[in-house]
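The values are calculated or read from the model by the stated rules, or taken from the named source; none is laboratory data. Worth saying up front: this structure is predicted, and the values here are computed from it rather than measured. Backbone-built Cβ (ideal geometry, glycine too); neighbour counts: all protein chains shown. Quick note on the areas: whole protein, heavy atoms, side chains included, nothing else; ligands and nucleic acids left out. Shrake-Rupley method; radii C 1.70, N 1.55, O 1.52, S 1.80 Å.
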Amino acid sequence: MALDGAFLRHLKSEIGGALIGTRVDKIFQPNRDELIFAFRGFDAAYKLLISARANSARINLTKIPVENPLQPPMLCMLLRKKLQGAKLLGIEQPDLERALLLRFDSVNELGDHVELTLAAEIMGRYSNIILIDENGKIIDALKRVDAEMSSERLVLPGLLYRLPPPQDKLSMLQCTAEEVLARIDELPRDMELSKALLAALQGVSPIVAREVQNSVGRGGEVFIRSMTPELRERTLYFVRRLIQTVRETSGAPYMVVDAQKKPKDFAFLDIHQYGASMVVSKKDRFSELLDDFYAERDQIERMRVKSHDLLRLLTNHADRLNRKVANQTAELADCAKRDTYRIQGDLISANMYAIEKGTETVRLQNFYDENLAEIEIRLDPALTPQQNAQKYYKAYRKAKTAEEKLTEQIALAKTELAYIDSVFESLALAESERDLNEIRAELAEQGYVRRQRGRKNQKAAPLSAPLKFTTRDGFTVLVGRNNRQNDKLTMKDANNNDIWFHTKNIPGSHTVLVTDGRTPTEAAMEEAAVLAARHSRAKDSAQVPVDYTQIRYVSKPQGAKPGMVIYVNYKTIFVDPTKN
């Protein structure tokens, strides 16, 4: 990972310069893998983010606002009890390990000052946040590790804290460039120099190792077996520069982005290995770099975690309904035989005089057939001809009733599936925890999820505002974020003369072009249709059909689920949602 021990050393210097001597004001745990510490000094306030998430583990000062849960998790409450009001005494990093130890002066229940340590281990999927007491014993950890999970290192309350097992690598804080070269000489001869540096040096990421090789080989590949005296001297020179940069923490934050401006990598030194295929930019601070690099990834991950239970719930309901529809459709197909039962009953009744009791089958002329063809009818020998006729009439009535009920139930199930489909789309459009809470409240109203304990009589929070856009010629377009918002926008807020848009037979948001008494232009109509398509399941399609009509022609049937409406007097336009 790019956040190696050397990069963490630069972060340690930056964080320590801002936070040492300040006190912990508040502690939050936005989700299961992140903690945020709010520090307050004499003249400034800071937020420290510690993330133990596998694909974005880090520690840095942050300015990104994060929504916090109403009920703090257990670890968060423990940290508040132990560290709130504590003073940060110092930050330590064992060699170039990917771990920082934050030492706090805290006050215990007896009023005595004790030194507590918070270990932030930034190690990919093994990342962890561990609180340690004054005797070096673990108080608790974000991720407890028992004997079943690891045989080398246990992380459990009451055990002595031990650092992760060290790797057999050289530390740039003690070694020389000559020692590094000697260690490289011991490695397999067919190894690239960059991989040899990774194997020899502690706290170096692949991008840094590749950059040293790029400098040594002037942009070309360098293998150990082909290292000439000149290449060896160049290796010594650039390794010596790297060691000096790490020891003096004289590096600077550089980010690598691709042609689409998507962050790809970062380092504490300037990067030249990508040539013109990537863009390298220098940031003001290391923490700012990490905020920028992980912002989009973190937002996606936070929303994924928080929406996971809703997605699973909706998926289970959708699967159950699909199975129900499939079974009932098969039953409905059997009901198509009902007319055959009626005809067989009629034929038995008409020929009762010619049928003897005890007969198992009988061939009778079908007077309903234009060719008067004979059909074979099975009989119950224990019943009289009249009873056999009644048996077929009963089967006919049963099939007819079943057809009516099944048709009704299949229609209801398909309506419910359409509703669940619309909630899936609302989840895809959700951008914040508030959006998710509104969807959760909607599902609670519909009986899909239980209301949270203690909130039965609590006043519901007001709905958030719909998305607002302005067309090039000045018209306002409003787009609902979820079904309840769609209902409010369409049925309450919009004016009768406003124009309503929705993708045809495709789950999506209600979109309203606000006319304010004016006649909308063709350009505004097209832009509104594009927005409707863009906020629907068809957002990645090339040509999307969008229906539009005046609000006056949109109505909500009594008892319909949120977001479900019917409309008449509409027209359809085809648009490209990818159009700018």
Item checked: Positive-end extreme of charge dipole, the range 92-140 - chosen from 128, 116, 138 (charges on Cβ) -> 128
Checklist line | Net charge contributed by nearby residues that have their C-beta within less than 9 Å of residue 523 (K/R +1, D/E -1) | finding: -3
Next item on the list: Just name one of 275, 412, 94: the one whose Cα is farthest towards the positive end of the charge dipole of the chain (beta-carbon charges, Lys/Arg +1, Asp/Glu -1).
Entry: 412
Item checked: Answer label for Rg/Rh (Cα atoms, Kirkwood Rh) (calculated), chosen among (i) 1.02; (ii) 1.17; (iii) 0.96 -> (ii)
Note to self: Let's see if you can work this out: charge +1 on each Lys and Arg Cβ, -1 on each Asp and Glu Cβ, no other charges. What is the dipole magnitude of the range 18-112 about its Cα centre, in debye to the nearest 20?
What the structure shows: 240 debye
Next item on the list: Taking the Cβ of residue 472 as the centre, find all other residues whose Cβ is under 14 Å away and add up their charges (Lys, Arg: +1; Asp, Glu: -1).
Entry: -3
Check: Sorted by mean Cβ packing within 10 Å, highest first, what order do the peptides 257-270, 90-103 take?
Finding: 90-103, 257-270
Next item on the list: Tell me what the chain gives for mean residue ellipticity at 222 nm when only DSSP H runs of n ≥ 4 count, each as -39,500 (n - 2.57), the sum divided by the residue total, rounded to 500 deg cm²/dmol.
Entry: -12500 deg cm²/dmol
Next item on the list: Kindly report, to the nearest 10 Å², the accessible surface of residue 554 as traced by a 1.4 Å probe over protein heavy atoms only.
Entry: 10 Å²
Notebook entry, point to check: Can you give the accessible area of residue 77 in Å² (nearest 10), computed on protein heavy atoms with a 1.4 Å probe?
Noted result: 80 Å²
Checklist line | Ranking by accessible area, most exposed first, for 536, 541 with a 1.4 Å probe | finding: 541, 536
Notebook entry, point to check: Tell me, what % of the accessible area of the chain is carbon and sulfur with a 1.4 angstrom probe?
Noted result: 49 percent
Next item on the list: Kindly write out, for the range 390-407 in residue order, the coupling ³J(HN,Hα) from the Karplus curve 6.51 cos²θ - 1.76 cosθ + 1.60 (θ = phi - 60°), rounded to whole Hz, with x marking Gly and Pro.
Entry: 4, 4, 6, 4, 5, 5, 5, 5, 5, 5, 5, 5, 4, 4, 5, 5, 5, 4
Check: Under the definition of Cα pairs under 8 Å and six or more residues apart, what whole-number percent is the relative contact order of the chain?
Finding: 8 percent
Next item on the list: Give me D for the range 63-112 in µm² s⁻¹, whole number, from Stokes-Einstein with Rh from the Kirkwood sum over alpha-carbon pairs, 25 °C and 0.890 mPa s.
Entry: 182 µm²/s
Notebook entry, point to check: What does the charge add up to near residue 416, with Lys and Arg as +1, Asp and Glu as -1, over the other residues with Cβ less than 12 Å from its Cβ?
Noted result: +3
Item checked: Ranked by how many other beta carbons lie within 10 Å on average, peptides 465-471, 156-162, 171-177 from highest -> 171-177, 465-471, 156-162
Notebook entry, point to check: In the range 1-98, what chymotrypsin sites (Phe, Trp or Tyr not before Pro) fall in a loop by DSSP, with at most 16 other Cβ atoms inside 10 Å?
Noted result: 42
Note to self: If you average the C-alpha positions of the range 274-351 and of the range 370-386 separately, how far apart do those two centres end up, in angstrom?
What the structure shows: 49 Å
Note to self: At 1.4 Å probe radius, can you tell me the per residue accessible area of the chain in Å²?
What the structure shows: 53 Å²
Next item on the list: Post the alpha-carbon centroid distance, the range 532-580 to the range 124-195, in whole angstrom.
Entry: 56 Å
Item checked: aspartates and glutamates with Cα under 14 Å of residue 143, excluding same-chain neighbours fewer than 8 positions away -> 33, 34, 121
